[in-house]
Amino acid sequence: MEPKVSEHAKAPPRRQRRTLKRIAIVVVGIILLAAILAASVFIRDRNDSRRAAPPDASIPDAPRVRVQVLNATDTRGLARQATMHLRDRGFDVLEVGNAGEQLDSTLVLDRAGNPELARRVADALGGARVESRPDSSRYLDVTVLLGRAWRPPAEPFYP
């Protein structure tokens, strides 16, 4: 006959149970920390890829184009949306504001006597009329007057 062993004799001592609980808590904590770090890296990489401009839309190895964006409509926030759009494509938007006049179509003004720069900005906006109005008193290459016909491209909103 086998001797009877009580349930208390089979269970590990109290100290061992506490140690096992502590180890389990530490392991679960490490797993949660690793999951949080992996999620944050994934989200950051995903957000960075959303903001990246398409390679064909940016200015290739050219000097920075200094741009002023003016809203020539009664639509609030249009100049801000155009600013984000142009900055994503490598343009240096220095000033944003409202124009004194309202326009139906977008007009891009060459301020530095370099119509090629103004044409690049117009192309980045999806096409616009370009006029040369040099003004050496401004620290700008191009002024954009956004008209009612300009629609921001479908991109994520940047708060």
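The charge dipole of the stretch 108-159, taken about the Cα centre with unit charges on the Cβ atoms of Lys, Arg (+1) and Asp, Glu (-1), comes to about 160 debye, rounded to the nearest 20. Peptide packing for 71-84, 115-128, 89-102 was compared via the average number of neighbouring C-beta atoms within 10 Å per residue; ordered from the highest value, the list is 115-128, 71-84, 89-102.
FYI, it's all coordinate maths here, none of it is from the lab. In this text, all values refer to a predicted model and were calculated from it rather than measured experimentally. So basically every Cβ, Gly included, is an ideal-geometry build from the backbone, and we count neighbours across all protein chains shown.
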